[in-house]
Amino acid sequence: MIRGIAFVLVLLWSGLAQAFDYGLKAVEVAPETYVVIGAMEHFSRQNGGNIVNTGFIVTAAGVVVIDTGPSLLYGRQLRALIGGITDAPVVLAVNTHAHPDHYLGNGAFDGVPIAALAGTRQAIAEAPPALLDGIYRLVGDAMAGTQSVPPGETLAPGLREVGGHRLEFLALGGHTGADLAVFDRSTGVLFAGDLAFLDRTPTTPQADLDHWLAALETLRALKPALVVPGHGPPAPPPAAFDQTADYLRWLRRVLAEAAAQGLDAAEVMALPLPPAVAALAVAPAEFARSVIHLYPAFERAMLSAK
Amino acid sequence: MITRRLLLGAGAALSLGPRARAAEPADPLQSISWAEMREQFLGGGPVVFDDGVALSAPSSAEDALQVPFLADAGKLGPVTRLVAFADLNPIPLILDYRPGALAPLIAARFKIQQATPLRVAALDARGLWHVAGQWVDAMGGGCTAPALAHGTDDWTAHLGESEARVFARDGRRRLRVSFRHPMDTGLAAGIPAFFIERVTVEKPDGSLLGALETFEPVSENPLLTVELPAALALPAVVIRARDNNGNVFRRPVTL
């Protein structure tokens with residue numbers, strides 16, 4: 001009897017695991033241009049890791065996918081979503097950078113060239129297994145079958161015409177060591193990757209704040225009609241540029257001031273957040289993470305200053 | 001040592017009277033290891049879970065090798081010891097601080113192996129332990145990972161190098177000091193335990209102001225924070241660190 005119940009439970013469990021439904025929806029933000037908007041949250045079992053924006057452009061020469069999402073299952077459901085909109089094949093998938101929510105769907109794009117900047121390819125190839133373990137731990141069943149599949153091709157920056165879309169690939173950095181932005185000069189839509197966040201606190205595990213701020217100015221100068229941030233709603237500029245830059249500058253200032261006062265990291269994490277920062281999604285947790293990522297360099301500079 | 005501990009325990013029981021024999025306060029963190037921790041590190045003495053120690057630490061360890069915490073027992077009046085431990089770490093005891101003439105405040109970083117309660121207990125003048133604590137979530141692996149220094153060839157050349165700075169904090173003087181040291185736990189394969197085990201703050205004439213025992217879980221290249229009370233008017237102090245191999249590192253600091 002007990003064994004029978006256990007068997008039924010196992011069946012239910014595996015059924016649930018396979019059935020995780022991301023409920024992906026494509027929002028058409030410009031002609032032939034779609035964004036799949038993720039939750040402004042941390043990884044969780046409830047969201048299956050869908051905390052990220054992905055996008056695709058349906059060109060006359062096939063579909064270009066920008067980021068593949070956080071899991072194999074997400075990648076498959078993204079591909080199915082695209083298949084519901086067009087019969088055209090996916091001809092190119094790009095990963096904007098080496099953060100797992102942006103590339104762990106690669107496994108679903110079998111037979112499609114997957115390209116990224118050289119630095120991104122290397123970072124994904126060298127990502128420690130513990131990174132994937134950690135996401136399995138946070139997300140659970142929705143990660144089933146997900147493996148790290150590094151992009152097989154190096155993306156050369158520059159302008160490239162794909163099926164009537166003039167796509168400019170920009171090699172930037174600051175959020176990570178290598179950040180790709182894709183600017184569609186035909187529609188004015190800029191896929192900014194995680195160089196831009198809107199209404200969601202920026203993440204900083206590999207951030208170089210000065211470099212990142214410079215990259216935002218480069219993106220601003222493109223004068224896009226619409227900015228698709230890596231996290232948060234697509235919106236015309238300058239909202240995402242301003243908000244991201246304001247946060248980074250605030251972070252830089254508050255960490256420098258804290259180091260000058262001799263605060264320990266544990267105290268810095270507990271500092272009150274100004275209203276503009278507190279209004280961003282997941283602000284307290286993300287700020288605490290940023291302190292761990294970035295504060296040691298400020299402390300070292302302060303301790304070694306003569 | 002044992003005798004002194006017994007006497008202390010007896011003295012505390014006498015001065016507290018019936019309260020000491022009252023029902024044991026339940027561990028607010030509901031850790032299965034609490035009873036053992038208390039026996040091992042607090043000598044089984046009377047405890048209270050109150051807000052006597054202000055503990056700052058993250059609820060989640062973003063970096064398992066460097067989890068910061070700061071404990072301030074300033075509101076308790078004279079405090080003779082501050083003991084920090086993480087119940088579920090393979091080596092739970094992080095540090096044992098006897099502030100002496102220094103303020104009852106300590107900040108350090110520790111390596112975390114898995115989600116665990118982090119506690120700091122302060123022993124007040126009446127012999128009562130005030131215990132603060134919180135759970136710290138972690139993906140783990142911090143204690144069994146080799147020190148990052150082992151990824152470089154020349155770490156021994158920099159062993160014991162130090163940096164220090166004094167900050168004015170609300171009338172007190174805060175001293176932050178870091179030493180280059182791998183702080184090996186002995187739990188990483190093939191790397192024996194090698195860690196700073198005692199850090200003292202001394203007057204220039206060598207007399208002791210405060211003494212900190214540090215243990216394996218303290219993070220690589222320890223960054224320690226202590227405070228000198230306003231009343232302690234000194235032109236300079238000397239910080240002395242000794243590791244379990246007998247190396248001694250000395251750092252004079254002008255105040």
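The values are calculated or read from the model by the stated rules, or taken from the named source; none is laboratory data. Predicted model only: the values in this text are computed from it and were never measured. Counting neighbours? That spans all protein chains shown, and the Cβs are built from the backbone with ideal geometry, glycine included. In case anyone asks, the SASA skips ligands and DNA or RNA and just uses the protein heavy atoms, side chains included. Shrake-Rupley method; radii C 1.70, N 1.55, O 1.52, S 1.80 Å.
For the range A:217-237, a residue qualifies if it is open to solvent by less than 60 Å² (accessible area, probe 1.4 Å) and in a loop (DSSP other than H, G, I, E, B), and the qualifying residues are A:L222, A:P224, A:G232, A:P233, A:P234, A:P237. Checking the stated criteria, A:R252 turns out to be touching a helix residue (DSSP H, G or I) at 6+ places or on another chain (Cβ under 8 Å), among the charged types (D, E, K, R), surrounded by 15 or more Cβ atoms within 10 Å (Cβ to Cβ) and more than 30 Å from A:E168 (Cα to Cα). When the range B:57-83 is filtered for residues that are away from chain A (no Cβ under 12 Å) and either assigned to a strand (DSSP E or B) or among the hydroxyl-bearing types (S, T, Y) (or both), the ones remaining, listed by number, are B:V79, B:T80, B:R81, B:L82, B:V83. Looking at the structure I just gave you, is A:L263 touching a strand residue (DSSP E or B) at 6+ places or on another chain (Cβ under 9 Å), of a type outside the set (G, A, S) and within 14 Å of chain B (Cβ to nearest Cβ)? In short, yes. In the range A:284-305, the residues that are more than 8 Å from every other protein chain (Cβ to nearest Cβ) reach residues that are surrounded by fewer than 21 Cβ atoms within 10 Å (Cβ to Cβ) and in a helix (DSSP H, G or I) with C-beta atoms within less than 6 angstrom, at least six apart or across chains, in these pairs: A:F298/A:A256. Would you be able to say whether some residue in the range B:140-151 is more than 14 Å from chain A (Cβ to nearest Cβ), in contact with a strand residue (DSSP E or B) (Cβ under 6 Å, 6 or more places away or on another chain) and farther than 22 Å from B:A107 by Cα? So far as the range B:140-151 goes, no, none of its residues is more than 14 Å from chain A (Cβ to nearest Cβ), in contact with a strand residue (DSSP E or B) (Cβ under 6 Å, 6 or more places away or on another chain) and farther than 22 Å from B:A107 by Cα. Between B:A108, B:A103, the distinction of being touching a Gly at 6+ places or on another chain (Cβ under 9 Å) and of a type in the set (A, V, I, L, M) belongs to B:A103 only. Screening the range A:94-112 for residues that are aliphatic (A, V, I, L, M) and out of contact with any strand residue (DSSP E or B) (no Cβ under 7 Å at 6 or more places or on another chain) and picking the one that is surrounded by the most Cβ atoms within 10 Å (Cβ to Cβ) gives A:L104.
Here the range A:113-128 is the region considered, the condition is being over 14 Å from A:L155 (Cα atoms) and outside any helix (DSSP H, G or I), and the residue that is least open to solvent (accessible area, probe 1.4 Å) is A:A127.
Could you count how many residues in the range A:129-160 are more than 19 Å from A:N50 (Cα to Cα), within 14 Å of chain B (Cβ to nearest Cβ) and either open to solvent by less than 80 Å² (accessible area, probe 1.4 Å) or assigned to a strand (DSSP E or B) (or both)? Within the range A:129-160, residues that are more than 19 Å from A:N50 (Cα to Cα), within 14 Å of chain B (Cβ to nearest Cβ) and either open to solvent by less than 80 Å² (accessible area, probe 1.4 Å) or assigned to a strand (DSSP E or B) (or both) number 1.
Here B:F179 passes the criteria (1) facing chain A (nearest Cβ under 10 Å); (2) modelled with pLDDT of 95 or more except the one numbered (1). Only one of the numbered conditions (1) under 17 Å from A:P151 (Cβ atoms); (2) open to solvent by less than 40 Å² (accessible area, probe 1.4 Å) is violated by A:V91, and that is (2).
Among the residues of the range B:104-123, are any open to solvent by 30 Å² or more (accessible area, probe 1.4 Å) and away from every other protein chain (no Cβ under 14 Å)? No, the range B:104-123 contains no residue that is open to solvent by 30 Å² or more (accessible area, probe 1.4 Å) and away from every other protein chain (no Cβ under 14 Å). Looking across B:G190, B:G171, one residue alone is within 30 Å of B:T254 (Cα to Cα), surrounded by fewer than 18 Cβ atoms within 10 Å (Cβ to Cβ) and at pLDDT below 95. It is B:G171. Selection within the range A:266-280: residues that are open to solvent by less than 40 Å² (accessible area, probe 1.4 Å) and more than 14 Å from chain B (Cβ to nearest Cβ). The member of this set that is farthest from B:R109 (Cα to Cα) is A:L280.
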